[in-house]
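Student: Sending over a structure as structure tokens; questions will come in a sec.
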Amino acid sequence: LHNHGSWRPKPLLDTARFTLSFNSWHRKNHQDSQALWKHEAVQKYLETLSKEYQQVSHLLSADSLNDFEQRTLRRRCADLSPIAAAFQEIKEAEREVQELEAMCTELDSRDEKQLLELALEEKESLDEKMNMLCRKLFQLLVPKEKYDRSPVIVEVTAGRTTGGDICQQFTKEMFEMYQNYADYKRWTFDIVNYTPAEIGGLHHAAAHISGENVYRHLKYEAGTHRVQRIPETGMSSRMQRIHTGTMSVIVLPQPEEVDVKVDPKDLRIDTFRARGAGGQHVNTTDSAVRIVHLPTGLAVECQQERSQQMNKQIALQTLRAKLYQQIIDKQLSQEQSTRKLQLGTRAQSERIRTYNFTQDRVTDHRISYDARNIKEILSGKEALDKLINRLLEFAEIEAVTQYLENLQALEGGG
């Protein structure tokens, strides 16, 4: 087909070619999916894909195609069909909105307040439908990441602060938040390691979470989380002094098959007694296992099971996942030299979110998004799910935006 010049495929989005940077230009210009839909480059790109779908559908009816050409066109048609259908659905909804806007203008001029109120309610409903359809379209355009459907290991670690235990307390609250979120999403949450602090907080913990699209929802939680609050006890609480602390979250995807060879000679395996969430010993035998990978210095612990052998197997699985992640990060750093944010990496250097208890506000710095009611966020239910979905939407918008910028630069010889 290429030789005869009758059809050339247009590229679909390839997220490996750019970084989700959430830059300031994007924040100013594309606050939601519907705003991006109205961009001229988006319209042009989708028109091109829609025309290609019609062309491919027409070519499939030709009798002169051989088996290879038929298979190639069918695959392309399957890729383009849902995009073309969503594109037309949005076009129809957009026409409905325009007609309703014209009706509202007319009703306003005739001072038909009751009918105008009904029309405005319908317009608001149509606007919500438009945004939902645009989101659906961009989800079709942006390919899913390789590990989006994978289970994960989530690790939380308290940072350091002076004059209080707010980091350890906050780390405990965050770990419980993810545990509640797993319950809210009907995922399975298995604690792998739990190291409590002496005064009721948490130094470090890890959990294995499995279910539907776990990594997709939790991958942007990885990074440094900052807390600002007045400690509940001590001199600072009496003086109403605000303390700032941090904790870090690591999210490791767990592919079903992690083929990383680990030489037993490279491992140091220690055993110790498992400790429970309240700091107490949960059994009287050395069932907990710590494994150190000597060449890299990576260390993992597991005290989930009463059996030392089972804990050893889980710890080895976690170690392989961490070694595998190092391989992935190395490949990404070679392909993309500037990955400034946590998105898509495991870098812990950048603060991604601030939880300000005195102002009852949670701020995600990557998307300049503020949410009120910290307790609702930390409960790990609807409010957290809304924040996570907002991040996912911005990531999809950013992916489309950057791709089209790159495409325009190539077409313009830039």
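Student: Identify the residue in segment 100-123 that is open to solvent by less than 40 Å² (accessible area, probe 1.4 Å) and at pLDDT below 85 and, among all such residues, is farthest from the chain's Cα centre (by Cα).
Tutor: Leu107
Student: Same structure again: When you go through (1) among the hydroxyl-bearing types (Ser, Thr, Tyr); (2) surrounded by fewer than 13 Cβ atoms within 10 Å (Cβ to Cβ); (3) modelled with pLDDT of 90 or more one by one for Ser81, which number turns out not to apply?
Tutor: That leaves (2) as the condition not met.
Student: While we're looking at this one, here's another question. Among the residues of segment 300-314, count how many are among the hydrophobic types (A, V, I, L, M, F, W, C), over 20 Å from Gln325 (Cβ atoms) and touching a residue at least 40 places away in the same chain (Cβ under 8 Å).
Tutor: The number of residues fulfilling the criteria is 0.
Student: Has segment 256-265 got any residue that is modelled with pLDDT under 90 and touching a Leu at 6+ places or on another chain (Cβ under 6 Å)?
Tutor: There is at least one residue in segment 256-265 that is modelled with pLDDT under 90 and touching a Leu at 6+ places or on another chain (Cβ under 6 Å).
Student: If I filter segment 376-408 down to residues being of a type in the set (A, V, I, L, M) and open to solvent by 20 Å² or more (accessible area, probe 1.4 Å), which single residue comes out as nearest to the chain's Cα centre (by Cα)?
Tutor: Ranking the qualifying residues of segment 376-408, first place goes to Ala383.
Student: Is it true that some residue in segment 50-61 is more than 34 Å from the chain's Cα centre (by Cα) and modelled with pLDDT under 85?
Tutor: Yes: segment 50-61 contains one or more residues that are more than 34 Å from the chain's Cα centre (by Cα) and modelled with pLDDT under 85.
Student: Is there a residue being under 30 Å from Val249 (Cα atoms) and either surrounded by 13 or more Cβ atoms within 10 Å (Cβ to Cβ) or in contact with a Phe, Trp or Tyr (Cβ under 6 Å, 6 or more places away or on another chain) (or both) anywhere in segment 124-137?
Tutor: Yes, segment 124-137 contains at least one residue that is under 30 Å from Val249 (Cα atoms) and either surrounded by 13 or more Cβ atoms within 10 Å (Cβ to Cβ) or in contact with a Phe, Trp or Tyr (Cβ under 6 Å, 6 or more places away or on another chain) (or both).
Student: Look at segment 54-83 and say how many of its residues are in a loop (DSSP other than H, G, I, E, B) and of a type outside the set (A, V, I, L, M).
Tutor: 4
Student: It is to be established whether one or more residues within segment 163-183 are of a type in the set (Lys, Arg), free of Cβ contacts under 8 Å to residues at least 12 places away in the same chain and either in a helix (DSSP H, G or I) or not assigned by the TED database to the domain that holds Arg390 (or both).
Tutor: No, segment 163-183 has no match at all.
The values are calculated or read from the model by the stated rules, or taken from the named source; none is laboratory data. This is a predicted model, so every value here is computed, not measured. Here Cβ is always computed from backbone atoms with ideal geometry, including for glycine, and neighbour counts include all displayed protein chains. Note: areas computed on protein heavy atoms with side chains; ligands, DNA, RNA excluded. Shrake-Rupley method; radii C 1.70, N 1.55, O 1.52, S 1.80 Å.
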